[in-house]
Amino acid sequence: MSTAPEGLSVYEEVRSTPDFVELRHKFRSFVFPLTVAFLAWYLLYVVMSGFARDFMAIQLLGNINVALVFGLLQFVSTFAIAYFYARYAGAKLDPIAAKIREEVGE
């Protein structure tokens with residue numbers, strides 16, 4: 001697969017291979033649902049902060065209220081998603097990408 005036939009770029013040739021289609025499918029099947037879930041979670045935090053002030057102001061422990069816990073959980077969820085993506089990519093995406101890279105000759 002080192003030369004592209006009849007005016008096709010190497011990328012155009014590679015993106016039509018079954019391996020690349022599988023790679024793109026596995027990437028999207030992981031990233032899109034998690035992106036939607038994270039954005040929904042973040043939107044919930046913003047909406048609750050704006051419209052459920054009484055709930056968000058509930059003191060849980062000393063000066064720690066529900067809003068602070070929600071805010072800190074935004075960081076926790078961001079790092080958790082990054083961690084799980086790194087594990088998923090290492091196990092599912094990187095082997096396919098390495099195979100494609102090897103076939104292309106880079």
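Structure summary
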item: Additional length obtainable on full extension of the chain from Gln74 to Phe32, 0.36 nm per residue less Cα span; result: 13.3 nm
item: Computed P(r) (all Cα pairs; the chain; 10 Å bins; percent); result: 13, 29, 21, 16, 12, 8, 2, 0
item: Amide H partners (placed H, <5 Å) of Asn65, local residues excluded; result: Leu60
item: Global form of the range 45-106, assessed from the alpha-carbon gyration tensor, a/c cut-off 1.5; result: prolate
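Every number in this text was worked out from the coordinates using simple rules, so none of it is lab data. Only a predicted model underlies this, so the values are computations on that prediction, with no experimental measurement involved.
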